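Trainee: This structure is in structure tokens; I'll ask about it shortly.
Where a number appears in this text, it was derived from the coordinates with a stated rule and is not lab data. Source: prediction; values computed, not measured. As a convention, Cβ positions derive from the backbone with ideal geometry for all residues, glycine included, and neighbour counts pool all protein chains shown.
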Amino acid sequence: MNREISDEEKDRIKKVLLKKNQKELIRILLEFKKFPIDDPYIGFIRKDKSALDKNPKTVNRISRRLLRLGLEGILSGICRPESPSRQMGQMFRKWLVKLGYPILPKEKFMGYKGTAILKGGDESLKNFARENLGYKRQKGLDLVLKTKNSFVLGEAKLITRSGGTQDKSFREAISFVKSKNNKNIIKMAILDGVVWLSSGDKKLRNKKNLYENIRDLKSNQIALSSLILRDFIKSLE
């Protein structure tokens, strides 16, 4: 059910929108349960407001989208019903293209001599891994990559907040990297969002947050951000 916005709230948004104050506009809109646009970094900024000062390019990108929406578009976005938790999906596949490695169909993938990424959706990647790499899970994959000496199987998750289905997605990824590896197969969780924020809340001292669960992984249990994926691949070559 859509929520109502008071006239005072509308006036406050209108004033800062007219001034085009990027940070202040985002700060005000973060006070609402629903941010007017979907962006992978909103959950991160909600948890760590100092990120607004540390990431000017991200602030500028989000602000440009908000300015294009205008007042009515922003108000409409705030009133939208809460959307379900999201995974990386297509966004991650677009990121893979930027890494600069060839993305090949399975007919060319196995015979390629250098580093390459297997082309396909999560189901086709899963089927390939089950047929050729001993993968036994029913869940689809987001990455199948080969280097000279090894194969990498990856699950990509964007965790925008703690709790609910987001924690379930995180647990699935951690369970994946903890499962037994076959020889020359590397299993990887590619995680972005609030998982990299360490909680400073005293109430949570006796309860591990997502970041602390990552820190407890063993050296052969790989979890990393997509931002350093290229560097990790280079370390395998």
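Trainee: So in the chain, what percent of DSSP beta bridges are antiparallel if you round to the nearest 5?
Mentor: Rounded to the nearest five, the antiparallel share is 30 percent.
Trainee: What distance in nm lies between label points placed 7 Å from Cα along the C-beta direction at K57 and L133?
Mentor: Those two pseudo-labels are separated by 2.9 nm.
Trainee: Sticking with this one: When N is the residue count of the range 92-175, what does its C-alpha Rg come to as a fraction of 2.2 N^0.38 Å?
Mentor: 1.17
Trainee: Sticking with this structure for a sec: Distance in nm between label sites at L217 and R80, each 7 Å beyond Cα in the beta-carbon direction?
Mentor: 3.0
Trainee: Sticking with this one: What does the extension gain come out to for K47 and E8, with contour length at 0.36 nm per residue minus their alpha carbon separation?
Mentor: Between K47 and E8, full extension yields 11.5 nm more.
Trainee: Let me ask something else about it. Say each of K183 and D231 gets a label point 7 Å from the Cα, pointing the same way as Cα to Cβ; how far apart are those two points in nm?
Mentor: Between K183 and D231, the simple spin-label model gives 3.2 nm.
Trainee: Please give the helix 56-78 orientation as an angle from the longest Cα principal axis of the chain, in degrees from 0 to 90, rounded to the nearest 10.
Mentor: Helix 56-78 sits at roughly 60 degrees to that axis.
Trainee: Return the aspartates and glutamates within reach of K14: Cα separation strictly under 19 angstrom, same-chain partners fewer than 8 residues apart disregarded; answer none if there are no such residues.
Mentor: Here the aspartates and glutamates satisfying the reach criterion relative to K14 are E4, E24, E31, E72.
Trainee: If you don't mind, another one. Using only DSSP helix segments of four residues or longer, with each worth -39500 (n - 2.57), what per-residue ellipticity at 222 nm results for the chain after dividing by its residue count and rounding to 500?
Mentor: -13000 deg cm²/dmol
Trainee: Roughly how many debye, to the nearest 20, is the charge dipole of the chain about its Cα centre, given +1 on each Lys and Arg Cβ, -1 on each Asp and Glu Cβ, and no other charges?
Mentor: Magnitude of the dipole: close to 540 debye.
Trainee: Once each part is reduced to its C-alpha centroid, what is the distance from the range 1-46 to the range 207-237 in angstrom?
Mentor: Distance between centres, Cα-based: 33 Å.
Trainee: Compute the acute angle (0 to 90°) between the alpha-carbon long axis of helix 164-178 and the principal axis of greatest extent of the alpha-carbon atoms of the chain; round to the nearest 10°.
Mentor: 20
Trainee: Also, quick follow-up: Could you check which residue among S63, S50, S175 shows the biggest mean-square fluctuation in a GNM of the chain with a 10 Å Cα cutoff?
Mentor: It is S50.
Trainee: If you fit an axis through the alpha-carbon atoms of helix 7-19 and take the longest principal axis of the Cα set of the chain, what angle between them do you get, 0 to 90°, nearest 10?
Mentor: Roughly 70 degrees, rounded to the nearest 10.
Trainee: Out of every Cα pair in the chain, what percent are spaced more than 27 Å from each other?
Mentor: For the chain, the fraction of Cα-Cα distances above 27 Å is 44 percent.
Trainee: Starting from the alpha-carbon convex hull of the range 37-164, give the projected area averaged over all orientations, in nm².
Mentor: Seen from a random direction, the Cα hull of the range 37-164 projects 10.7 nm² on average.
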